[in-house]
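A.B. asks: For reference, the structure I am asking about is given below.
Derivation of every value follows stated rules applied to the coordinates shown; laboratory data play no part. Since this is a predicted model, take the numbers as computed values, not measurements. Counting neighbours? That spans all protein chains shown, and the Cβs are built from the backbone with ideal geometry, glycine included.
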Amino acid sequence: MILGRVWIFSERLAELQDTKANSTETYMAEKNRIRFIMTFLWVRNKITQFFDMVPCSPSRLKTFENETNHLYLGITIKSGIVMKRKCNIWLIFPFVVSLMALGCKPESNTEIRIIVAGIRHESNSFMPYLTTADDFILLRDSAITMDPPWARFLIDEGVEIIPTLIAGSGPSGIVSKAAYESFRDEILEAFRNAGPVDGVFLDMHGALHVEEYPDAQLDFIQEIRKIVGKEILVAASFDLHGNISPGFMEGLNIISAYRTAPHVDGEETQLRTVKLLLEALRKNYQPVVAHLNIPILIPGEKGVTSAEPVKSFYKRLPVISGMEGILDASIFIGMPWTDVYRAGMSVQVVAQDKEYLSLARQQAESLANDIWDQRGNLQFDVKAASIDDAIEMAMASKDSTVFITDSGDNITAGAAGDGTLVLERLLEHQVSDAVLAGIYDPEAVDQCIKAGEGARLQVAVGGKIDYVYSRPLSITGTVASLPAQVPGSETPDAVLEVDGVTLVLLSDHRAFTHPDHFQAVGIDPLAHKIVVVKEGYLFQGLRDIAPRAIMALTPGFANQTLENLEYHQVRRPIFPLDPDMTWSVN
Ligand SMILES: [Zn+2]
């Protein structure tokens, strides 16, 4: 049976400690205050030693009591942190009386308060499209906290979450200054109005690039620090395709990036990050990040985490994270289609406190050097070929279905998604049974809607955003369907039968990365010989069903052959643009 709990408070200690030597009051008054402090500290230390207490949170203490049906003594050592010890009510009583007599007051049941914000975007600077505020989905208030596992965890732990704004958009061209500043300013205003907070959680992608800002993420954290100060812990979770600068990392206490590509651990990474933040708050850590940029620029397709040597590098992260004094470790593959100085690979190791920073640096350096040594082995994990060779291999294949990725026009890397080269080549090869999912062209979809299901029409598709590597292609086909029930899409798409090709024309800029996306437009991909999607590596949902995959090395704003792109801002020298360069951490 639970007898009840007793709370003893020491929050006055901090107030008293602030009033020492520089006081203008008399010597005696000062002496009495110091005596009071000394007595207080002595009593607190004796209690701690006597009961062999350990720190925990008030909510943990409550849970512990409920589970064990025992009474625990809790002494507040910091807002949100208590020392706990299983004890007997009669042992506690004298301490309660004596400390109450010394002027202690009951606890105000203060919870840990964590403020949450985020700007998530993967910005492709080669794509001639300016991403505006209208392209973002904005989450505010309960929309931020009602669903994700990280929020449920914090709520269960008794943490007060202060949601502000999480702005997120699919990968595309760089973000407009107006859009970024409107998100940033809304977040900063919410921070100013939030009152005192214990910690900050930022939900980021890491490859944000904004027009007129050399490093918008650095600007973002610097503005946040101006409000919350240097002492408040800031934790951030990332996609491993982020481009991370040292200055940005300096503003953060805890960071954690995905450990899988194709990504299957987004929620897990967010959860790991907030768990580390809460642990640091409860244990009174002041974590610091050891960060290193590695001069390697590779497409994500050479950084698949299930393929060697990348697999082995990522395997080391949990081992490093398990070391004493280390909280977490990350490897960023980077985003090579953002022409910025910070683009490329980087590693981070989070030290629990400054005293473990040298160990964190040592681990980061070891990881960085080993990655550098293996740079020549960072290769595609699937067969890569020209589009013509890919189509011929697929047609000749004994596999029932072959997936071909149109990697240069990879929507998931922010490319246009309206390139027509692959469609042109499929028709040229007179394939008899292919699906192309899809080409982004709202105007062509409108023409199909006006023509209606079953109608035959001539329409010029694609080549409107990607007018650099592509051109509109005039085709004649029959409107097979106008599927409307596509998740995330407000207008219908159009499925057009063009000779042997089933072409999906998309009303919004999105990729087919999962079998559900095909089901939504009424297509069974495995019922066709060739399935073309506009991505680089095949996402996990499609990997799971694909009998075979070939990556077509097509031109576009996500060209896999980086040497073919014109870079102006990336650091030089950098591998593989400067293949003969040498480098080491020291
Ligand atoms: Zn990613």
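A.B. asks: Net charge near residue 261, counting Lys/Arg +1 and Asp/Glu -1 over other residues with Cβ under 13 Å of its Cβ?
C.D. replies: Within the 13 Å Cβ shell, the charges total -2.
A.B. asks: Label points 7 Å out from Cα along the Cβ direction at residue 430 and residue 362: separation in nm?
C.D. replies: The answer from the label model is 6.9 nm.
A.B. asks: I need the fraction of alpha carbon pairs in region 164-266 separated by more than 15 Å, rounded to a whole percent.
C.D. replies: Roughly 64 percent, rounded to a whole number.
A.B. asks: Out of the GluC sites (Glu not before Pro) in region 226-315, which ones are loop residues according to DSSP with at most 10 other C-beta atoms within 10 Å? Display every interim value, and only then the final one.
C.D. replies: Details: sites: 231, 250, 267, 268, 279, 301; in loops: 231.
Listed in order of number, the matching sites are 231.
A.B. asks: Can you compute the modelled spin-label distance between residue 152 and residue 397, with each label point 7 Å from Cα toward Cβ, in nm?
C.D. replies: 3.7 nm
A.B. asks: Evaluate E = 1/(1 + (r/R0)^6) for residue 373 and residue 540, where r is the Cβ-Cβ distance and R0 equals 25 Å; express this FRET efficiency to the nearest 0.05.
C.D. replies: 0.30
A.B. asks: How far apart, in nm, are the 7 Å Cα→Cβ label points at residue 468 and residue 497?
C.D. replies: Going by the 7 Å Cα→Cβ label model, 3.8 nm.
A.B. asks: Here's a follow-up. Report ³J(HN,Hα) in whole Hz for each residue of region 227-240, in order, from the Karplus equation J = 6.51 cos²θ - 1.76 cosθ + 1.60 where θ = phi - 60°; Gly and Pro get x.
C.D. replies: With the stated coefficients, region 227-240 comes to 8, 8, x, 7, 7, 5, 6, 10, 10, 9, 9, 9, 7, 6 Hz.
A.B. asks: Please arrange 445, 234, 468 by how many other C-beta atoms lie within 10 Å of their C-beta, fewest to most.
C.D. replies: Ordered by Cβ neighbours within 10 Å, fewest first: 468, 234, 445.
A.B. asks: Determine, for each peptide in 212-223, 399-410, the mean count of other beta carbons within 10 angstrom over its residues, then list the peptides with the highest first.
C.D. replies: Sorting 212-223, 399-410 by mean packing, highest first, produces 399-410, 212-223.
A.B. asks: Cβ under 15 Å from residue 160's Cβ, residue 160 left aside: what net charge do those residues give with Lys, Arg +1 and Asp, Glu -1?
C.D. replies: -2
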